[in-house]
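Engineer: Encoded as structure tokens, here's the structure I'll be asking about.
The values are calculated or read from the model by the stated rules, or taken from the named source; none is laboratory data. Computed from a prediction, not measured in an experiment: that's the story for all the values here. FYI the Cβ positions are ideal-geometry reconstructions off the backbone, even for glycines, and counts take in every protein chain you see.
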Amino acid sequence: MPDGDAAPWWKTAVFYQVYPRSFALADLGARRARLDQLGGLAGAAPGAVRDSAGDLEGIRQRLDYLAWVGIDAIWLSPFQPSPMVDFGYDIADFCDVDPLFGTLDDFDCLLADAHARNLRVIIDLVANHTSDQHPWFVDARSSRTAALRNWYIWRDGRGPDRATPPNNWTRAFGKGPAWTYDEATKQWYLHLFMPEQPDLNWSNPEVVEAMTAVIRFWLDRGVDGFRLDVVHGLGKDPELPDVPAERAALPYCVQNDHPSTHGILRELRKVVDAYPHHPVLVGEVFLLTARQIAAYYGADDELHLAFNFPAMGCDFDAACIRRRTDEATRVFGEVNAWPAWVLSNHDQPRLRTRYGGSERRARAAAFLLLGWRGTAFLYAGEELGTEDAEIPPEQTVDPGGRDGCRAPIPWDPTPNHGWELDSQPAWLPWPPQASVRNAETLSHDPASILALYRRLLAARKASPALTLGDLELLATPESVVAFRREWEGDVRVVVVGFGKEECAVELEAPQGGWVVEVATGGEEGLAGEGTAYLGRIGPEEALLLKPGR
Ligand code: NOJ
């Protein structure tokens, strides 16, 4: 990949998250042949669920669409071999492709074709835990003296008969301790997530070495970096102390914040920095405040980026958004860290669903995501204004209740929506109105949310202010959030109205006044694109303004 300007590529990029199971299925025949050859898979998920998931070839065939939308990089959720207890976040071999999704050759083709379109590709690195089917864990649990025993975290139980878990930590997904008793070796092992996802012991240098080899394996193939799953979980207090009783019910994975993780990250950063193509490390630091998250950038020697999750916790609410914008500007600014923004992903209800089903609000939120100072991460399907699918209880498959946002992407209006499904159903129900809310139908409609995303992405790419500029929150009425971005003489203003009524928003104007560059309603609405800004914002409307000439 060619080097960009002085700014590192990941600073100006818009990433697009692809959840491979739900993105596109292109080669069912090849999948069936692979699975037949293997005699099927031992995965926990039922056959139909496995058979109708997306594949790498499906992603490859949609690269032209992604380039057309205007994104710069793709983040691929896990595609490695997995029993799929956590739909890929339980990896049984870090250096291969699950036959469900394809082969390593398929991955190489996908990567080469993405690079040929100037799209970078980062992959998930699920480094906190493995599947319990990973050969490392199979060895570790085989006996107390197994070679890899200490690659995981084992403790004796408490109480006279050792029948009580070693501490009061709670796991994520389903209530219960973060420990499972291993009958054969009579000790407990730690898992911040499901019992099938034992935590690796990162205080063991052999684990660091093994994961470094994994990182090199993918970087040598040409990937452009990693999204580090639950990265704040890696280092643990060696004493494994109880948490205060009032916090015991909160999953420990959102509390672990041990200083030893920073040393681990500095080591991993050195590994990726040694590669000339500037790979990026993006961390999922799922802690509750921007300050805790910002700490994981170190002194520019740990993560390059960490998702700033607090904004995802806001409803469609001006006060909350203003507070989070202000906080991020201050907190990340103080440590000279570049924010990473995300408003939805495969773990949370979709944006539009969270905002009460309103497409208007989803459109307005696009101006925030692509207008904020920092790197933006867009979850596949958000550009279509997709809502979560309704999942009947009998079709629920995820232990964490996240099926709705993982519904397959509808590509066209046909019954299978562009998926090569044969006669079987998709792995999850389609999202609402898929016959009209699909990529093909929306791509023909200049008034669609998809067209709006394209205009916003193009405007962002063309504006140094929007890609690199500082952010200043502007004084506005309470129901409005507005901010100014500026870089080397280039200026833009983003105005988002959260109220139900039209509202006057006076802005200090440049000499030629403000012109609407992009509007939620396109050329319609209070101020259409290409017209002068009238000093007012419509209900739940958003505008991107540029100086007039
Ligand atoms: C965070 C991932 O985003 C989520 O999908 C997964 O279940 C957990 N980490 C465990 O890997």
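Engineer: If a residue must be surrounded by 15 or more Cβ atoms within 10 Å (Cβ to Cβ), more than 34 Å from the chain's Cα centre (by Cα) and not in a loop (DSSP other than H, G, I, E, B), how many such residues does region 504-531 contain?
Structural biologist: Of the residues in region 504-531, 1 are surrounded by 15 or more Cβ atoms within 10 Å (Cβ to Cβ), more than 34 Å from the chain's Cα centre (by Cα) and not in a loop (DSSP other than H, G, I, E, B).
Engineer: Here is a follow-up. If the Cβ limit is 7 Å and pairs must be 6+ apart or interchain, which residue in region 223-237 that is more than 18 Å from GLY88 (Cβ to Cβ) and in a helix (DSSP H, G or I) pairs with which residue that is within 13 Å of the ligand (Cβ to nearest atom) and among the acidic types (Asp, Glu)?
Structural biologist: No pair meets every condition.
Engineer: Could I ask something else about it? Tell me, yes or no, whether region 279-302 has at least one residue that is under 19 Å from the mean Cα position of the chain (by Cα), among the polar types (S, T, N, Q) and away from the ligand (no atom under 16 Å from the Cβ).
Structural biologist: Yes - at least one qualifying residue is present in region 279-302.
Engineer: Same structure again: Of the numbered conditions (1) touching a strand residue (DSSP E or B) at 6+ places or on another chain (Cβ under 9 Å); (2) surrounded by fewer than 23 Cβ atoms within 10 Å (Cβ to Cβ), ALA306 fails exactly one; give the number of that condition.
Structural biologist: Among (1) touching a strand residue (DSSP E or B) at 6+ places or on another chain (Cβ under 9 Å); (2) surrounded by fewer than 23 Cβ atoms within 10 Å (Cβ to Cβ), ALA306 violates only (2).
Engineer: Any residue that is more than 16 Å from the ligand (Cβ to nearest atom), closer than 24 Å to LEU421 by Cβ and not hydroxyl-bearing (Ser, Thr, Tyr) - is there at least one of those in region 75-86?
Structural biologist: Filtering region 75-86 for residues more than 16 Å from the ligand (Cβ to nearest atom) gives none.
No, region 75-86 has no match at all.
Engineer: Being under 16 Å from GLY225 (Cβ atoms) and at pLDDT 95 or above, is that true of even one residue in region 81-94?
Structural biologist: Just the residues of region 81-94 that are under 16 Å from GLY225 (Cβ atoms), to begin with: 94.
If we keep only those that are at pLDDT 95 or above as well, we get 94.
Yes, that holds for at least one residue.
Engineer: Does LEU234 meet the test of being in contact with a helix residue (DSSP H, G or I) (Cβ under 6 Å, 6 or more places away or on another chain), within 14 Å of the ligand (Cβ to nearest atom) and not charged (D, E, K, R)? Don't jump to the end; show me each part of the working.
Structural biologist: Values: in contact with a helix residue (DSSP H, G or I) (Cβ under 6 Å, 6 or more places away or on another chain): yes; within 14 Å of the ligand (Cβ to nearest atom): yes; not charged (D, E, K, R): yes.
The answer is yes for LEU234.
Engineer: I've got another one for you. Among the numbered conditions (1) over 16 Å from ILE215 (Cα atoms); (2) of a type outside the set (A, V, I, L, M, F, W, C); (3) more than 17 Å from the chain's Cα centre (by Cα), tell me where ASP96 comes up short.
Structural biologist: (1)
Engineer: Residues being at positive phi and within 16 Å of the ligand (Cβ to nearest atom): count how many of those fall in region 88-116.
Structural biologist: First, pick out the residues of region 88-116 that are at positive phi: 88, 102.
With within 16 Å of the ligand (Cβ to nearest atom) added as a condition, the list becomes 88.
So the count comes out to 1.
Engineer: In this structure, is VAL214 within 16 Å of the ligand (Cβ to nearest atom) and of a type in the set (A, V, I, L, M, F, W, C)? Talk me through it step by step, then tell me what you get.
Structural biologist: Working: within 16 Å of the ligand (Cβ to nearest atom): yes; of a type in the set (A, V, I, L, M, F, W, C): yes.
In short, yes.
Engineer: Let me ask something else. Of all residues in region 415-457, how many are on the phi > 0 side of the Ramachandran plot and surrounded by 21 or more Cβ atoms within 10 Å (Cβ to Cβ)? Walk me through it before giving the result.
Structural biologist: We begin by selecting, within region 415-457, every residue on the phi > 0 side of the Ramachandran plot; these are 417-418, 422, 433.
If we keep only those that are surrounded by 21 or more Cβ atoms within 10 Å (Cβ to Cβ) too, we end up with 417-418.
Residues that pass the stated criteria total 2.
Engineer: Go through region 57-91 and report how many residues are under 12 Å from PHE101 (Cβ atoms) and touching a helix residue (DSSP H, G or I) at 6+ places or on another chain (Cβ under 9 Å). If you could, list the steps in order and put the result at the bottom.
Structural biologist: Narrowing region 57-91 to residues under 12 Å from PHE101 (Cβ atoms): 57-60, 76-82, 84, 87-88.
This time we only want the ones that are touching a helix residue (DSSP H, G or I) at 6+ places or on another chain (Cβ under 9 Å), so: 57-60, 76-79, 84, 87-88.
Counting residues in region 57-91 that are under 12 Å from PHE101 (Cβ atoms) and touching a helix residue (DSSP H, G or I) at 6+ places or on another chain (Cβ under 9 Å) gives 11.
Engineer: Quick test for you: out of GLU472, GLU517, pick the one residue that is among the charged types (D, E, K, R), in contact with a Phe, Trp or Tyr (Cβ under 7 Å, 6 or more places away or on another chain) and more than 30 Å from GLY418 (Cα to Cα).
Structural biologist: Details: GLU517 fails: in contact with a Phe, Trp or Tyr (Cβ under 7 Å, 6 or more places away or on another chain).
Exactly one residue qualifies, and that residue is GLU472.
Engineer: Separate question: When both residues are 6+ apart or on different chains and their Cβ atoms are under 8 Å apart, which pairs have a first residue that lies in region 239-262 and is over 15 Å from VAL285 (Cβ atoms), and a second that is assigned to a helix (DSSP H, G or I)?
Structural biologist: VAL243/TYR252
Engineer: Quick test of your reading of the structure: GLY499 fulfils all but one of (1) within 16 Å of ARG363 (Cα to Cα); (2) not in a loop (DSSP other than H, G, I, E, B); (3) not hydrophobic (A, V, I, L, M, F, W, C). Name the failing condition by number.
Structural biologist: (2)
Engineer: Residues of region 332-356 being more than 16 Å from the ligand (Cβ to nearest atom) and in contact with a strand residue (DSSP E or B) (Cβ under 7 Å, 6 or more places away or on another chain), which ones? First the steps, then the outcome.
Structural biologist: Keep residues of region 332-356 that are more than 16 Å from the ligand (Cβ to nearest atom), which gives 332-339, 341, 351-356.
Listed by number, the residues that qualify are TRP338, TRP341.
Engineer: Tell me which residues, restricted to region 125-139, are outside any loop (DSSP other than H, G, I, E, B) and either closer than 10 Å to GLU196 by Cβ or at pLDDT below 95 (or both). Can you show your working first?
Structural biologist: Keep residues of region 125-139 that are outside any loop (DSSP other than H, G, I, E, B), which gives 125, 129, 135-139.
Of everything in region 125-139, those that are outside any loop (DSSP other than H, G, I, E, B) and either closer than 10 Å to GLU196 by Cβ or at pLDDT below 95 (or both) turn out to be HIS129, PHE137.
Engineer: Shifting gears a bit: Within region 117-157, take every residue that is more than 27 Å from TRP75 (Cα to Cα) and among the charged types (D, E, K, R) and give me the one that is nearest to the ligand (Cβ to nearest atom).
Structural biologist: Selected residue: ARG141.
Engineer: All but one of (1) crowded, with 16+ Cβ neighbours inside 10 Å; (2) over 24 Å from VAL231 (Cα atoms); (3) at pLDDT 95 or above hold for ARG144; which doesn't?
Structural biologist: Every condition holds for ARG144 apart from (1).
Engineer: Would you please name the residue that is surrounded by the fewest Cβ atoms within 10 Å (Cβ to Cβ), looking only at residues in region 190-211 that are more than 16 Å from the ligand (Cβ to nearest atom) and under 14 Å from ILE153 (Cα atoms)?
Structural biologist: Quick first cut of region 190-211, residues more than 16 Å from the ligand (Cβ to nearest atom) only: 201, 203-210.
After this cut, where a residue has to be under 14 Å from ILE153 (Cα atoms) as well, the list is 201, 203-207.
On the way: ASN201: 22, SER203: 17, ASN204: 16, PRO205: 9, GLU206: 13, VAL207: 20.
Step by step, filter region 190-211, then rank; the result is PRO205.
Engineer: Suppose the filter is away from the ligand (no atom under 16 Å from the Cβ), more than 17 Å from the chain's Cα centre (by Cα), of a type outside the set (S, T, N, Q) and not in a strand (DSSP E or B); does PRO241 pass it? Walk me through how you get there before you give the answer.
Structural biologist: Numbers: away from the ligand (no atom under 16 Å from the Cβ): yes; more than 17 Å from the chain's Cα centre (by Cα): yes; of a type outside the set (S, T, N, Q): yes; not in a strand (DSSP E or B): yes.
Here the answer is yes, as PRO241 does meet what is asked.
Engineer: Within region 462-490, how many residues turn out to be outside any loop (DSSP other than H, G, I, E, B) and surrounded by 16 or more Cβ atoms within 10 Å (Cβ to Cβ)? Give the derivation first.
Structural biologist: Of all residues in region 462-490, those outside any loop (DSSP other than H, G, I, E, B) come to 462, 464-468, 470-473, 480-487, 490.
Okay, now just the ones that are also surrounded by 16 or more Cβ atoms within 10 Å (Cβ to Cβ), so 464-468, 471, 480-487, 490.
Residues meeting the conditions: 15.
Engineer: Quick check on ARG155: is it out of contact with any Lys or Arg (no Cβ under 8 Å at 6 or more places or on another chain) and closer than 23 Å to ASN201 by Cα? Talk me through it step by step, then tell me what you get.
Structural biologist: Working: out of contact with any Lys or Arg (no Cβ under 8 Å at 6 or more places or on another chain): yes; closer than 23 Å to ASN201 by Cα: yes.
Answer is yes for this residue.
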